[in-house]
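Here's the structure we're looking at; comments come further down.
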Amino acid sequence: YFLNTEDIKIQYEVEIREPKDIKVGFDLFYNDTFVFRTEQTDFFKENKLPAGKNKLECTIPKLLLNEGVYQLKPILSKHCDKSLLNTNQSLVFEIKDDTNISYFHSVLNNKNHPGVVYPFLQWKINK
């Protein structure tokens, strides 16, 4: 599991036989409910993935997701053509509230703080 105060690094390791225009991203689900699809990064002409092994990484920022179990389904496809994945597997992970933030975070749950996204937004006082 991950604490909600931790960044979650998503990393794909892919082997490319020849440079390609590729879309990379993922779909995120919570209790079988679609949450979001990432903006899919396109590796176009000047940014084609080179042949060989490549590591692709992105980060789900801390303090974004609410407590619960999530399912991440990777997207890796030839642009506007077909999927390059030969699997339908997904990654399942859990988010838990970091109770060290404050006492009140030890009593939070989906009943008193519902929803999938639970961002910590900064508020300012303007007089």
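The values are calculated or read from the model by the stated rules, or taken from the named source; none is laboratory data. Not measured: the values here are computed from a predicted model. Here the Cβ is made from the backbone with ideal geometry for all residues, glycine too, and neighbour counts use every protein chain on show. Calculation scope for accessible area: heavy atoms of the full protein, side chains included, ligands and nucleic acids excluded. Shrake-Rupley method; radii C 1.70, N 1.55, O 1.52, S 1.80 Å.
Looking at the stretch 21-36 only, could you name the residues that are assigned to a loop (DSSP other than H, G, I, E, B) and either farther than 15 Å from residue 65 by Cα or modelled with pLDDT under 75 (or both)? Full working, then the answer.
Our first condition is that a residue be assigned to a loop (DSSP other than H, G, I, E, B); within the stretch 21-36, this holds for 21, 31-32.
Scanning the stretch 21-36 gives 21, 32.
Listed here are the residues, each with its yes/no results for (1) of a type in the set (Lys, Arg); (2) farther than 29 Å from residue 22 by Cα; (3) part of a loop (DSSP other than H, G, I, E, B).
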{"site": "55", "(1), (2), (3)": "yes, no, no"}
{"site": "73", "(1), (2), (3)": "yes, no, no"}
{"site": "88", "(1), (2), (3)": "no, no, yes"}
{"site": "98", "(1), (2), (3)": "no, yes, yes"}
{"site": "104", "(1), (2), (3)": "no, yes, no"}
{"site": "112", "(1), (2), (3)": "no, yes, yes"}
{"site": "120", "(1), (2), (3)": "no, yes, yes"}
>> If I ask for residues that are modelled with pLDDT of 80 or more and either open to solvent by 70 Å² or more (accessible area, probe 1.4 Å) or touching a Gly at 6+ places or on another chain (Cβ under 8 Å) (or both), which ones from the stretch 77-87 would you list?
In response: 82, 83
> Hey, among 18, 46, 39, 57, which residue is modelled with pLDDT of 85 or more and either surrounded by fewer than 12 Cβ atoms within 10 Å (Cβ to Cβ) or in contact with an Asp or Glu (Cβ under 9 Å, 6 or more places away or on another chain) (or both)?
Replying inline: 57
>> Being at pLDDT below 85, open to solvent by 70 Å² or more (accessible area, probe 1.4 Å) and assigned to a loop (DSSP other than H, G, I, E, B): is that true of residue 108 here?
In response: no
